[in-house]
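Enquirer: Take this structure first; my questions come after.
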Amino acid sequence: MLQGRERHTATVLQNGQVLVAGGDYYDGVNAGFLTECELYDPTLGTWSVTASMSTPRFGARAALLRDGRVLEAGGETDFNYIPTALAELYTP
């Protein structure tokens with residue numbers, strides 16, 4: 001991964017790539033929540049940056065929809081651990 005993270009989602013897309021979305025990080029000094037998403041291409045063994053979410057979140061749920069989009073829903077958005085009712089769609 002280009003950005004280390006925990007409590008993110010990972011969804012296998014219809015083309016075999018893996019979408020990794022959101023999560024949180026702690027690098028020993030700083031901590032925070034991510035809007036950034038990355039794609040892993042298992043054929044090439046490479047990571048690339050893709051569209052970001054509008055809301056940072058960790059502990060969300062993701063579902064691959066029949067049309068190939070990914071629904072990213074729920075999770076928490078800050079250290080108060082208050083769940084969010086927000087959802088976003090990723091279109092490959």
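The values are calculated or read from the model by the stated rules, or taken from the named source; none is laboratory data. Keep in mind that this is a model prediction, so the values were computed, not measured. Counting neighbours? That spans all protein chains shown, and the Cβs are built from the backbone with ideal geometry, glycine included.
Enquirer: For Gly4, state whether it is touching a strand residue (DSSP E or B) at 6+ places or on another chain (Cβ under 9 Å), in a loop (DSSP other than H, G, I, E, B), over 21 Å from Ile82 (Cβ atoms) and at pLDDT 95 or above.
Expert: no
Enquirer: Also, quick follow-up: Can you find even one residue in the stretch 39-51 that is surrounded by 11 or more Cβ atoms within 10 Å (Cβ to Cβ), touching a Phe, Trp or Tyr at 6+ places or on another chain (Cβ under 8 Å) and in a loop (DSSP other than H, G, I, E, B)?
Expert: So far as the stretch 39-51 goes, yes, one or more of its residues are surrounded by 11 or more Cβ atoms within 10 Å (Cβ to Cβ), touching a Phe, Trp or Tyr at 6+ places or on another chain (Cβ under 8 Å) and in a loop (DSSP other than H, G, I, E, B).
Enquirer: Which count do you get for residues in the stretch 52-67 that are of a type outside the set (Phe, Trp, Tyr), in a strand (DSSP E or B) and over 19 Å from Gln17 (Cβ atoms)?
Expert: Selection size over the stretch 52-67: 1.
Enquirer: Just for the stretch 68-78: of the residues that are touching a residue at least 40 places away in the same chain (Cβ under 8 Å) and either surrounded by fewer than 16 Cβ atoms within 10 Å (Cβ to Cβ) or assigned to a loop (DSSP other than H, G, I, E, B) (or both), which one is nearest to the chain's Cα centre (by Cα)?
Expert: Selected residue: Gly75.
Enquirer: Of everything in the stretch 53-67 that's within 13 Å of the chain's Cα centre (by Cα) and loosely packed, with under 15 Cβ neighbours inside 10 Å, which residue is farthest from Asp78 (Cα to Cα)?
Expert: Per the stated criteria, the residue is Ala63.
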